[in-house]
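The values are calculated or read from the model by the stated rules, or taken from the named source; none is laboratory data. Just so we're clear, the structure is a prediction, and the values are computed from it rather than from any experiment. We place every Cβ from the backbone using ideal geometry, glycine too, and count neighbours over all the protein chains shown.
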Amino acid sequence: MIEIRNLVVEIEGQRILDGLNLTVKDGEVAAIMGPNGSGKSTLSYVVAGREDYEVLDGEVLLNGENILEMAPDERAAAGVFLAFQYPLEIPGVGTMTFLKAAMNAQRRHRGEPELATADFMKRVNNAAEGLGISKDMLKRALNVGFSGGEKKRMEILQMALLQPAFCILDETDSGLDIDALKIVADGVNALRSPDRSFLVITHYQRLLNHIVPDTVHVMAKGRIVKSGGKELALELEANGYADYRNLAA
Amino acid sequence: MAIVTPMKTPAETSLEGAFARLRDTLPGAAAERRAAFARYAERGLPHRRVEEWKYTDLRAALRDAAPLAERPAAVPAGAPDLGAPRFLIANGHVLSAPASLPAGVTAVSLREALTAGHPALSALGDPLAAGNAAVELNTAFMTDGIILTVESGVTVTEPLHLAFVNEGSQPFATAARVLVMVGGGASVTLLETHQGPAGVAYQPNTMVEIVAGDGARVDHARLNGEGDAAIVLSSLSLRLGRETELTSVNGVFGAALSRHQVFATFAGESAKASINGLALLSRTQHADSTLVVDHAEPGGESRELFRTVVDDEAAGVFQGKIIVRQKAQKTDGRMMSGALLLGEASAMYNKPELEIFADDVACAHGATCGALDEDLLFYLMARGLPKPEAEALLLQAFVGEVVETVSNEAMREVLTGRIESWLKARAAR
Ligand SMILES: Nc1ncnc2c1ncn2[C@@H]1O[C@H](COP(=O)(O)OP(=O)(O)OP(=O)(O)O)[C@@H](O)[C@H]1O
Ligand SMILES: [Mg+2]
């Protein structure tokens, strides 16, 4: 699915990703854990195509194709989806207007016809219901005045509607109450399939009880310093990152 | 001591010649016109060293003053149908009025009123605008227009449409004047649309005066859809009685250069006014919104919201002055101007001002100016929207907030349609 090779990224002359390697196979759920500031969000932004970063070296291959030269909308159409750590509020842009624009833009990219309004409404209402998103929220401007947890659920709603191939969830669990965590995890699990992969960034083992990963990677100072199975997350929860900080140095 | 006589520009010389030729043939008594022209002539055409015209140098822009247009023989096309009784004012002359007017509404042409006399004429002219070149020139040259009267206590359910249409293949000038007298407790919606030919440097100068009685409700919306080479002056005078509520929204799309001036006087206690505007500018367009809001009586509430989108080498100007007189305690005034600059050479000049002489007031103003938010753009693009579409969505939201303040649905649709075509044209470039 995705193969990241020797990725070196700087921002304002400061090195954030320092030769990062990571492979996520088709259908795999990979978790990344790592200390604050180790570069997890940076990695997700670089894969999604945010501009502020300077990529000095390396490749990001999506099904064999290097996506680093693509604009963010092209990457989205190719199947990349990032659930933001901090979803943005967009005043004046209605949630439904936005969802429709996003779904149709991707369909156009792929040469598919635009959705009929009734079909669109049905899809949104079904997905929203499963995630406990009220009709009232859908009527408001995108994320404006939403609580932290509501914003995270809205990210998952978008993911469910856009049906991406490679999904990055950047701390989707932070800000969620216990029930919402379960709802969101169920939403993600429902999307698991042999041709869809996930990169789940989290600080807490708790999420991984619900979304059970195939692999767990530890990131420190801009590199993956240890990879293992789901038991690695338990070990980190018990011992912290002390052993790994030094590995990256 | 040397006496400095400033050189007259060709436009100023033309204006003088035109006035000398026309003053006795234009309708009504010449005395008022002469006085107005004299007030204009004291300083001539305003230029950038005149404080209120600092960002809109009319003297430089008006290379010559075009001749005043005659009454067109045929009815020009192009005025939008807003599904409302419509007055058609072509090149400054009234061509048609609705066959029937809503109950409680009367209308007479300004030409007729000036020729035969009319009681409302004494209300013509706004002291707050005295000495303003655009206003004085309109008074000196006004050819025709409408005097609309809404009887006290009448709720006019149908909006009234003032459709200004310009036509001609050579430069021409117009000077139309409208006076709307809204009786106490009456309620009315006024829609103003302005259009004209592309590629012709015509020069409309219109003035609309709304005198609203105690407890009246007025909704006013205006569309500047003038031709792309026009040099457009427009003035709006608002005089509000006690507990009057008024909204005025101006949408600017057309003209090479436009200046829309609003003079609002809170002449009665506890009046409320929202004066809003949006502008979408491209190429080398220049659009100026200048407001003077004069709180003369206590308890008034004024709100101004302006949104300007500037692309290419265009320039926007917002000048807003809130005056709170000593007597006008408990005034609540809030003025906000925001601009988005899309081109590297795009410019916006914001000048909000407060002049407060009372001590118990709440007044605030703010001005913002910047590029589209990169983070928002990235968020939208990361969901698959191509950049032009993502930008269009954000721009639409930005000016949409002003469109929402237009109460009339037909007018909202016209404005929304104009915004959409502007955004489409931009995306296609
Ligand atoms: N725009 C920027 N300018 C300068 N430094 C930046 C910028 N963005 C990120 N950084 C720095 O890059 C480093 C990595 O940040 P990043 O957000 O990727 O960390 P993270 O692993 O996601 O942390 P957290 O667990 O707290 O979310 C941090 O030291 C951060 O300060
Ligand atoms: Mg982060």
All conditions in (1) facing another protein chain (nearest Cβ under 9 Å); (2) under 24 Å from A:Ala128 (Cα atoms); (3) of a type outside the set (A, V, I, L, M) are true of A:Gly79 except (1)
Taking the range A:18-34 and keeping residues within 11 Å of ligand 1 (Cβ to nearest atom) and more than 28 Å from B:Glu374 (Cβ to Cβ) leaves A:Met33
Exactly one of B:Gly254, B:Gly241, B:Gly268 is closer than 25 Å to B:Leu342 by Cα and either at pLDDT 95 or above or buried (at least 23 other Cβ atoms within 10 Å of the Cβ) (or both), and that residue is B:Gly254
The one condition A:Asn189 fails out of (1) more than 16 Å from ligand 1 (Cβ to nearest atom); (2) part of a loop (DSSP other than H, G, I, E, B) is (2)
Within the range A:31-57, the residues that are within 21 Å of A:Ala78 (Cα to Cα), more than 16 Å from ligand 2 (Cβ to nearest atom) and modelled with pLDDT of 95 or more are A:Gly49, A:Val55
Filtering the range A:180-205 down to residues that are closer than 19 Å to A:Tyr241 by Cβ, of a type outside the set (A, V, I, L, M, F, W, C) and under 12 Å from the mean Cα position of the chain (by Cα) yields A:Thr202
task: Would you check if there is a residue in the range A:134-141 being within 13 Å of chain B (Cβ to nearest Cβ), in contact (Cβ under 8 Å) with a residue 12 or more places away in the chain and under 20 Å from A:Val184 (Cα atoms)?
output: no
Inset, instruction - Check whether at least one residue in the range B:31-53 is over 26 Å from the mean Cα position of the chain (by Cα) and either surrounded by fewer than 19 Cβ atoms within 10 Å (Cβ to Cβ) or among the acidic types (Asp, Glu) (or both), and report yes or no. - result: yes
The condition from (1) under 25 Å from B:Val105 (Cβ atoms); (2) polar (S, T, N, Q); (3) in contact with a helix residue (DSSP H, G or I) (Cβ under 7 Å, 6 or more places away or on another chain) that B:Asn205 misses is numbered (1)
If we keep only residues of the range A:147-182 that are of a type in the set (Asp, Glu) and either away from ligand 2 (no atom under 16 Å from the Cβ) or not in a helix (DSSP H, G or I) (or both), then the residue nearest to A:Val24 (Cα to Cα) is A:Asp170
### Query
Given the structure, is B:Ala367 assigned to a loop (DSSP other than H, G, I, E, B) and away from chain A (no Cβ under 14 Å)?
no
Log entry, pairs with first residue in the range B:159-170 being within 13 Å of B:Leu148 (Cα to Cα), second being among the aromatic types (Phe, Trp, Tyr), beta carbons closer than 6 Å, six or more apart or on different chains, reads B:Leu162/B:Phe87
B:Ala103 passes all but one of the listed conditions (1) under 25 Å from the mean Cα position of the chain (by Cα); (2) in a loop (DSSP other than H, G, I, E, B); the exception is number (1)
The one condition A:Ala118 fails out of (1) more than 20 Å from B:Leu380 (Cα to Cα); (2) surrounded by fewer than 19 Cβ atoms within 10 Å (Cβ to Cβ); (3) in contact with a Lys or Arg (Cβ under 8 Å, 6 or more places away or on another chain); (4) not polar (S, T, N, Q) is (3)
Picking from B:Arg426, B:Arg412, the residue that is more than 9 Å from every other protein chain (Cβ to nearest Cβ), part of a helix (DSSP H, G or I), over 23 Å from the mean Cα position of the chain (by Cα) and basic (Lys, Arg) would be B:Arg426
Residues of the range A:35-75 being in a loop (DSSP other than H, G, I, E, B) and within 16 Å of ligand 1 (Cβ to nearest atom), in sequence order, are A:Pro35, A:Asn36, A:Gly37, A:Ser38, A:Gly39, A:Gly49, A:Arg50, A:Glu51, A:Asp52, A:Tyr53
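For (1) farther than 30 Å from A:Gln163 by Cβ; (2) touching a Pro at 6+ places or on another chain (Cβ under 8 Å); (3) crowded, with 19+ Cβ neighbours inside 10 Å, each residue gets a yes or a no:
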residue: B:Phe378; (1), (2), (3): no, yes, yes
residue: B:Leu393; (1), (2), (3): no, no, yes
residue: B:Gln396; (1), (2), (3): no, no, yes
residue: B:Ser407; (1), (2), (3): yes, no, no
residue: B:Thr416; (1), (2), (3): yes, no, no
residue: B:Glu420; (1), (2), (3): no, no, no
- Query: Looking at B:Val361, is it more than 30 Å from A:Arg110 (Cβ to Cβ), hydrophobic (A, V, I, L, M, F, W, C) and within 19 Å of the chain's Cα centre (by Cα)?
  - Reply: no
Within the range A:95-111, the residues that are closer than 19 Å to A:Ile156 by Cβ and either modelled with pLDDT under 95 or within 7 Å of chain B (Cβ to nearest Cβ) (or both) are A:Ala101, A:Ala102, A:Gln106
Of the conditions (1) away from ligand 2 (no atom under 16 Å from the Cβ); (2) touching a Pro at 6+ places or on another chain (Cβ under 8 Å), the single one that A:Gly64 does not satisfy is (2)
